[in-house]
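This report refers to the structure that appears directly beneath it.
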Amino acid sequence: MPIQYLITLAMLATLSGLLAMSLNLVLGYGGLLSVAHPMFYGIGAYSSALLAMHAGAPVPIACIAAAVICALASVPLAACSLRVSGDYFVIVSMGFQLGVQQIINNIDLTGATGGLNDIPSLFQGPFRDVLSLGVLLLAAAVVLLLIRTLIHGPFGRALTAMRNDESALAMLGRDPMRMKLAIFALSAGIAGFAGALYGHIFLFLSPTQFGLESSTALLTMVVVGGTATIWGPLLGAVVITVVPQAIQFLNLPVSISSPLQGIIFSLLVLVFLFLRPQGLMGGRRGGGGLDAWSGRRLAAPA
Amino acid sequence: MERAAAGGARMSAVLDIRGLRKSFGGLVVADEITLSLRPREVVGLIGPNGAGKTSLFNLITGVVRPDAGQIVMGSTRIDGMTMAERARSGIARTWQHARSFRSLTVLDNLLLGVHDYPGDSLLGSLLQRRINRKREREAETRAMMLLERVRLAHKAHALAAELSYGQQKLMGMARALMGDGVCLLLDEPMAAVEGRTYAIMRDVIQEEAERGQAVCLVEHNVGFIRDLCSRGVFMSAGRVLADGPVDELMRVKELKALYFGAAA
């Protein structure tokens, strides 16, 4: 029982890590605050599950297809970021989030509010959880390496420049719009892949799992871990997944423990934004993430 | 200087602006502007504050779109293009306030000025790593040469944010030259710049014109304009009032009254 519990916790932490790393691409490196990230996780989970259930796709193929679907689904949202930024973009992304959630809530294909059952499993047999955890850890390692390579390379340099001064970068012949579309697509693809894995491991999906509560938790992970850092989001995901579990050991009634989690998340974000805005892993401030976002808000129009 | 102007007039224009109009609500920033920039010429845009000089740069580079009129480079219309496309077709620009990428090193600032580099795109950055390394080395060599020219080679690995204001303007100049453009627009290159930096900036501008670039600059420093510009374009309230050799412009009484006043 405790082993089983720990494996499940590790799986959830790794999934959150994947999701946080992908959000960090958009928020930390792209300088765009989108709250719609769990939406891609959800779209990925549902598309992969439905492809496997109704189209008979093998699970790995369905997961990859889900990643591609999410990358494509990110285009409309990314296109909005080209026209609105800062607070306005937060609201637009929230609209996307709620809209997609309502669609999932209301069509039969997705099982509506009742959720989706009988999703084909990634692995069978007695070792399915250990194997699943292995796959998740492998996926996290690959994503980490991918992001690291990308950020330390020329594209990462251009992203930093884009956060510093978008027009100056465009004047050098770089297209910030294309860069944003690309970073969004990659980010949504990773989130969708993670969502697909979630579905095939936990075998049940419900629209409530991809709501604004998860957006806040996700944002907390990235901020606490450190925006625009390679390891930060992963670390933040582990902390934010494990801490609420620890609260449950206190044996508090649900009426107290569940608001307590919300309070802890909010407090963490506030404490970090005031005392350590660069997060756990952040070194000196690099003009990334929320920095770029708030900087743009404060900058007087020229 | 006179020689350059006379020679330039016969050469075909690098950039042709025809009947350009732009207004923001009731404020007209460009009123039927027609202007040609030719190779080897240094054109000074002069005029009082709010005359539309920087707005003209913004229209040429694509920061804002014109309401009417054409901008032609060589034989291609560029007024429908994005900023990035215009830059790639040969327009380079510096900004009044250097606009450095502050969290990058001086060298990285310059490396971003190279066009057509596979590492610019997300997939290219990941997949074409061998070509990237080769291009990166070539670009670094070029960047170091430019940094030598603006006397900033010793700062190559410093963060741009650590440079002085004058050094940032020199870096901005070098960054604009990385793309090998044919038309160089300089927005107040000499503002808040003096002494050694002034001399370096002047030399670089002169050299670029001699290499065949069409240079156009906005500047309030009258001495500098006399010193460097072969042709002056006087603007006021979004209109070109006069276009000719700087010395002649300076003799026109009306223009003096509008702008030079105490300075002349």
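No value in this document is a laboratory result; all are computed from the given coordinates. These numbers come from a predicted model, not from an experiment. Quick reminder, even Gly has a Cβ in these numbers, built from the backbone with ideal geometry, and neighbours come from all protein chains shown.
Which listed residue (B:Val72, B:His115, B:Ala153) has the Cα farthest towards the positive end of the charge dipole for segment B:20-155, taking +1 on Lys and Arg C-beta and -1 on Asp and Glu C-beta about the Cα centre?
B:Ala153
As a test, work out the antiparallel percent of DSSP beta bridges whose residues both lie in chain B, rounded to the nearest 5.
Roughly 55 percent of the DSSP beta bridges within chain B come out antiparallel.
Starting with the highest mean, order B:70-78, A:71-79, A:266-274, B:233-241 by the number of other Cβ atoms within 10 Å, averaged over the residues of each peptide.
With the highest mean Cβ count within 10 Å placed first, the list reads B:233-241, A:71-79, B:70-78, A:266-274.
To the nearest 10 degrees, how steep is helix B:165-177 against the longest Cα principal axis of chain B, on a 0 to 90 scale?
It works out to around 80 degrees.
Could you order peptides A:26-32, A:123-129 by the average number of other Cβ atoms within 10 Å of their residues, highest first?
Those peptides, ordered most packed to least, come out A:26-32, A:123-129.
Put +1 on the Cβ of every Lys and Arg and -1 on every Asp and Glu Cβ in the protein assembly as shown; which of A:Met39, A:Met221, A:Leu25 then has its Cα farthest towards the positive end of the dipole?
Going by the charge dipole, the pick is A:Leu25.
So, counting K/R as plus one and D/E as minus one, what does the shell of residues with Cβ under 9 Å around B:Ala214 add up to?
Combined, the nearby Lys, Arg, Asp and Glu give +1.
Sticking with the crude label model, points 7 Å out along Cα→Cβ, report the distance from A:Gln248 to B:Val64 in nm, one decimal please.
Using points 7 Å along Cα→Cβ, the separation is 5.8 nm.
Could you list which residues have their amide H under 5 Å from that of B:Asp67, counting only those 5 or more apart in sequence or on another chain, with H placed in the peptide plane?
Under 5 Å from the amide H of B:Asp67: B:Arg21, B:Lys22, B:Ser23.
How big is the shadow of the Cα convex hull of segment A:2-208, averaged over all directions, in nm²?
12.0
What residue among A:Ala168, A:Pro120, A:Gly99 has its Cα farthest toward the positive end of the dipole of segment A:2-208, where the charges are +1 on Lys, Arg and -1 on Asp, Glu, each on the Cβ?
Positive-most Cα among the choices belongs to A:Ala168.
Amide H neighbours of B:Val14 under 5 Å, at least 5 residues apart or on other chains, H built in the peptide plane: list them.
The list, which skips near neighbours in sequence, is B:Leu37, B:Arg38.
Any idea what the dipole of segment A:2-208 comes to, in debye rounded to 20, about its Cα centre with Lys/Arg Cβ at +1 and Asp/Glu Cβ at -1?
So the magnitude is around 440 debye.
When Lys and Arg each count +1 and Asp and Glu each count -1, what net charge do the other residues less than 13 Å away from A:Val35, Cβ to Cβ, add up to?
Counting the neighbours of A:Val35, the net charge comes to -2.
Explain nothing, just compute: Karplus ³J(HN,Hα) = 6.51 cos²θ - 1.76 cosθ + 1.60, θ = phi - 60°, for every residue of segment A:179-190 in order, whole Hz, x for Gly and Pro.
The phi angles translate into 5, 5, 4, 5, 5, 5, 5, 4, 4, 5, x, 5 Hz.
According to the Cα gyration tensor, what semi-axes, each the square root of 5 times an eigenvalue, does the equivalent ellipsoid of segment A:138-219 have, listed from largest to smallest in whole Å?
Equivalent-ellipsoid dimensions as semi-axes: 31, 16, 10 Å.
Work out the mean other chain Cβ neighbour count within 10 Å for the residues of B:132-143 and drop it here as an integer.
1
So if we plug the beta-carbon distance of A:Ile3 and B:Arg226 into 1/(1 + (r/R0)^6) with R0 = 60 Å, what FRET efficiency do we get, rounded to 0.05?
Using R0 = 60 Å, I get an efficiency of 0.10.
What list of whole percents do you get for P(r) of the protein assembly as shown, with Cα-Cα distances grouped in 20 Å bins up to the one holding the largest distance?
P(r) for the protein assembly as shown, in whole percents per bin: 20, 44, 26, 10, 1.
Take segment B:47-122, compute every pairwise Cα distance, and split them into 10 Å bins from 0; I just need the percent in each bin.
15, 40, 33, 11, 1
With labels modelled as points extended 7 Å from the Cα through the Cβ direction, what inter-label distance (nm, one decimal) is found for B:Ala158 paired with B:Arg21?
Placing both labels 7 Å beyond Cα along the Cβ direction yields 4.9 nm.
Please give the helix B:195-210 orientation as an angle from the longest Cα principal axis of chain B, in degrees from 0 to 90, rounded to the nearest 10.
Rounded to the nearest ten degrees, it is 90.
In nanometres, what is the gap between the two model label sites at A:Glu213 and B:Gln128, each 7 Å from Cα along Cα-to-Cβ?
Simple spin-label model gives 4.8 nm for this pair.
For A:Asp108 and A:Leu138, what is the calculated FRET efficiency with R₀ set at 41 Å and r taken between the beta-carbons, to the nearest 0.05?
0.70
Considering only the protein assembly as shown, what is the antiparallel percent among its DSSP beta bridges, to the nearest 5?
Beta bridges within the protein assembly as shown, antiparallel portion: roughly 55 percent.
Using a 10 Å cut-off on Cβ to Cβ distances, tally the other chain neighbours for every residue of B:86-98 and report the average as a whole number.
3
How high is the FRET efficiency between B:Arg151 and A:Ser167 when r is their beta carbon distance and R₀ equals 25 Å, given to the nearest 0.05?
Given R0 = 25 Å and the Cβ-Cβ separation, E is 0.40.
Relative to the first principal axis of the alpha-carbon coordinates of chain A, what is the inclination of helix A:2-24, with its axis defined by its Cα atoms, in degrees from 0 to 90 and to the nearest 10?
Roughly 30 degrees, rounded to the nearest 10.
Figure the gain on full extension for A:Arg128 and A:Ser266 (residue separation times 0.36 nm, minus the Cα-Cα span) and round it to one decimal in nm.
Taking A:Arg128 through A:Ser266 to full extension adds about 46.1 nm, to one decimal.
Quick check for me: using +1 on Lys/Arg Cβ and -1 on Asp/Glu Cβ, what's the dipole size of chain B about its Cα centre, in debye to the nearest 20?
Its charge dipole is roughly 420 debye.
Nothing charged except the Cβ atoms of Lys and Arg (+1) and of Asp and Glu (-1): what's the magnitude of the dipole of the protein assembly as shown about its Cα centre? Round to the nearest 20 debye.
840
Please quote Rg/Rh for chain B to two decimal places, taking the Kirkwood radius as Rh and restricting both calculations to Cα atoms.
Computed over Cα atoms, the ratio is 0.98.
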